[in-house]
Amino acid sequence: MHSPFVYRLVDEVIYDFEAKKVYADIENLRQQLIIDNRMITVTDLGAGSHVNNNRQKRIGDIARNALKPPKLAQLLYRLAADFKPRNIIELGTCLGTTTLYFQKAAPSAKVITLEGCPETAGIANETFGKAGINDIELVTGNFDDTLKGVIDKTGQLDFVYVDGNHQKDATLKYFEWCLPKVHENSVLIFDDIYWSEGMKEAWNQIKANPKVTVTVDLFWIGLVFFKQGRVKEDFLIKV
């Protein structure tokens with residue numbers, strides 16, 4: 001591995017598997033969601049689910065199938081804690097557990113999370129309340145209608161996590177919207193980069209963008225950096 005920046009990231013952050021108190025607190029909330037038998041109507045504006053595309057879903061089933069698993073959510077926590085962003089934008093709130101990981105990782109950051117489904121967003125708000133967190137901004141609606149406005153009012157983008165829609169054209173569009181606001185220390189994180197052939201193509205186009213200087217492919221997610229004055233490098237890391 002030739003990049004000291006990526007070497008440190010892998011050694012100190014990605015491969016840091018030590019348990020942290022915040023993990024247990026949020027995982028307790030996940031378990032409460034898993035046993036929640038209430039039914040909600042899901043509005044899916046993206047590529048849908050590989051598991052269950054019924055519109056009426058039990059909250060417990062959503063928690064089991066759609067929430068990011070602990071290992072990945074905790075990796076995202078470590079990344080946010082390490083980068084110390086002033087702002088975090090998350091596309092795809094779901095039931096709110098990953099959002100809480102972000103908020104706990106960077107408690108002084110402005111956290112804005114976007115969710116397409118109103119009823120799912122309502123459960124996420126309940127989750128935030130149970131955690132005692134009231135300063136997360138949750139924006140409900142189609143990302144095509146909401147993301148641009150959030151970006152416009154944010155100024156420079158520090159940390160953006162794209163976990164919604166999962167279609168090639170939409171993913172590339174959201175990436176392009178972010179580009180004018182990125183800076184030397186920005187990171188964009190794309191989820192499910194191998195979800196489909198279209199997502200693989202989107203990931204390859206993102207890597208090839210001339211503004212992108214470093215990418216880290218962790219299979220489940222892809223990290224995108226814009227550090228200038230460096231030879232363009234793409235890393236594939238086993239997690």
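For segment 165-213, a residue qualifies if it is among the small types (Gly, Ala, Ser) and surrounded by fewer than 18 Cβ atoms within 10 Å (Cβ to Cβ), and the qualifying residues are SER196, GLY198, ALA208.
Looking only at residues of segment 162-190 that are acidic (Asp, Glu) and under 15 Å from LEU147 (Cβ atoms), we find that the one that is nearest to the chain's Cα centre (by Cα) is ASP163. With respect to being within 23 Å of THR43 (Cβ to Cβ) and open to solvent by less than 30 Å² (accessible area, probe 1.4 Å), THR140 falls outside the description. Is at least one residue of segment 58-68 open to solvent by 30 Å² or more (accessible area, probe 1.4 Å), assigned to a strand (DSSP E or B), under 30 Å from LYS181 (Cα atoms) and not β-branched (Val, Ile, Thr)? No, segment 58-68 has no match at all. No other residue among GLY164, GLY222 is modelled with pLDDT under 95 and not charged (D, E, K, R) apart from GLY164. Among the residues of segment 218-238, those identified as at negative phi and open to solvent by 10 Å² or more (accessible area, probe 1.4 Å) are TRP220, LYS227, GLN228, ARG230, VAL231, LYS232, GLU233, ASP234, PHE235, LEU236, ILE237, LYS238. Considering GLN74, GLN103, the condition of being at pLDDT 95 or above, assigned to a helix (DSSP H, G or I), polar (S, T, N, Q) and out of contact with any strand residue (DSSP E or B) (no Cβ under 8 Å at 6 or more places or on another chain) is satisfied by GLN74 alone. Please work out which residue is modelled with the highest pLDDT, limiting yourself to segment 11-49 and to residues that are within 22 Å of ILE62 (Cα to Cα), part of a loop (DSSP other than H, G, I, E, B) and open to solvent by less than 70 Å² (accessible area, probe 1.4 Å). By that ranking, first place goes to ASP36.
The values are calculated or read from the model by the stated rules, or taken from the named source; none is laboratory data. All of these numbers come straight from a predicted model, not from anything done at the bench. Every residue, glycine among them, receives a Cβ derived from its backbone with ideal geometry; neighbour counts consider all protein chains shown. Calculation scope for accessible area: heavy atoms of the full protein, side chains included, ligands and nucleic acids excluded. Shrake-Rupley method; radii C 1.70, N 1.55, O 1.52, S 1.80 Å.
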